[in-house]
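FYI, it's all coordinate maths here, none of it is from the lab. Because the structure is predicted, anything quoted here is derived from the model rather than measured. Neighbour counts run over all protein chains shown; Cβ positions are idealised from the backbone, glycine included.
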Amino acid sequence: MHRIIESSDHGWWIISHEQKLWLPAGELPHGRAGNFDLAGQSALKIGEWEGEPVWLVRQIRRQDMGSVRQVIDQDVGLFQLAGRGVQLAEFYRSHKFCGYCGHTMHPSKTEWAMLCDNCRERYYPQIAPCIIVAIRNQDKILLAQHTRHRNGIYTVLAGFVEVGETLEQAVAREVMEESGVKVKNLRYVTSQPWPFPQSLMTAFMAEYDSGDIVIDPKELIDAGWYRYDDLPLLPPPGTVARRLIEDTVALCRSDFE
Ligand SMILES: [Zn+2]
């Protein structure tokens, strides 16, 4: 899967180091390897974008290293591949030694995996599933200000799935823990890989069942029911949270206008 890059190779270049990637002029480099001084580097092809290969080159630190967040503005499909690149780079970096026997490992030639030279254990990149859910109560939606982003934005509830838990159980538990509310009629909407650092967001819509809002102050600063035509500051377009809020607003409109 790895190959040595020649200066005539072309495509998109994910130059990743310690969870950052090279973003000259704030964008993902695109074009011939020779233009970016990449000839002779070992690279891994991790996908295609607009008919051109997407390459991962690891362990090079350059000026203008940035976060994969900055690629969201470029295009959501490219953001997804950049997220894959950074996550794979982190996977290889954090799996140099076997967790069972401590021996060195080497990358598989056939799949994204690390293999132990001694006990033959095989490791794959781990993905952490999380749930995100919009809760509707008649013409209102439950929105909350989270302690982890203090930017005035009100958004839907979210949290990680625990070991041995279904997505449905995770939604019920997270909503109860964070807001004290019980939900019903859960419906799956969409999913989005979210490389901060290695999540997969699964997005749902639900209806309010019962209970008064009681916030968990460790998770939330504030939460309340907001009428669909009188909403506070929302997360930016392009996020799955915003999509859930807009879908809920559309449902409210069709029932109340
Ligand atoms: Zn081992």
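Packing here is the average count of other Cβ atoms within 10 Å per residue, and on that basis the peptides 61-69, 198-206, highest first, run 198-206, 61-69.
Put simply, the amide H of ASP209, placed in the peptide plane, has neighbours under 5 Å in LYS182, VAL183, LYS184, leaving out anything fewer than 5 places away on its chain. Qualifying GluC sites (Glu not before Pro) in the range 125-227, where qualification requires a DSSP coil assignment and no more than 13 other C-beta atoms within 10 Å, comprise GLU162. Rg and Dmax over the alpha-carbon atoms of the chain stand at 21.6, 67 Å. Using a simple spin-label model with pseudo-atoms 7 Å out from Cα toward Cβ, VAL189 and SER94 lie 2.8 nm apart. For the range 152-163, putting each phi into the Karplus relation 6.51 cos²θ - 1.76 cosθ + 1.60 with θ = phi - 60° gives couplings of x, 7, 9, 9, 7, 8, 7, x, 7, 6, 8, 4 Hz, in residue order, rounded to whole numbers and with x for Gly and Pro. Close amide H pairs (under 5 Å, H built 1.01 Å from N) link THR190 with ALA203, residues at least 5 positions away or on another chain.
Can you give the calculated 222 nm mean residue ellipticity of the chain, where each DSSP H run of n ≥ 4 adds -39,500 (n - 2.57) and the sum is split over every residue, rounded to the nearest 500 deg cm²/dmol?
On the way: 3 runs with 49 residues, N = 257.
Rounded to the nearest 500, it is -6500 deg cm²/dmol.
Say a paramagnetic label sat at a point 7 Å from the Cα of ALA250, along Cα to Cβ; which residues of the range 169-192 have their backbone N under 14 Å from it? Answer for the range 169-192: 189-190. Apply the a/c threshold of 1.5 to the C-alpha gyration tensor of the range 105-257 and tell me whether it is rounded, prolate or oblate. Because a/c hits 1.5 or more and a/b exceeds b/c, the range 105-257 counts as prolate.
In order along the range 129-138, phi translates into HN-Hα couplings of x, 9, 10, 9, 9, 9, 10, 10, 10, 6 Hz, rounded to whole numbers, per the Karplus curve 6.51 cos²θ - 1.76 cosθ + 1.60 with θ = phi - 60° and x for Gly and Pro. A simple spin-label model places pseudo-atoms 7 Å from Cα toward Cβ; at GLN138 and LYS218 they are separated by 3.4 nm.
Could you list the square roots of 5 times each eigenvalue of the Cα gyration tensor of the range 1-45, that is, the equivalent ellipsoid semi-axes, sorted largest first and rounded to whole Å?
The equivalent ellipsoid of the range 1-45 has semi-axes of 17, 13, 8 Å.
Placing unit charges on the Cβ atoms of the charged side chains and taking the dipole of the chain about its Cα centre, the candidate lying farthest along the positive direction among GLY47, SER179, VAL161 is GLY47. Estimated at 0.36 nm per residue, the fully extended path between ALA25 and VAL76 surpasses their Cα-Cα distance by 16.5 nm. Here the simple spin-label model places points 7 Å from the Cα toward Cβ, and for CYS119 and HIS2 these points are separated by 2.4 nm.
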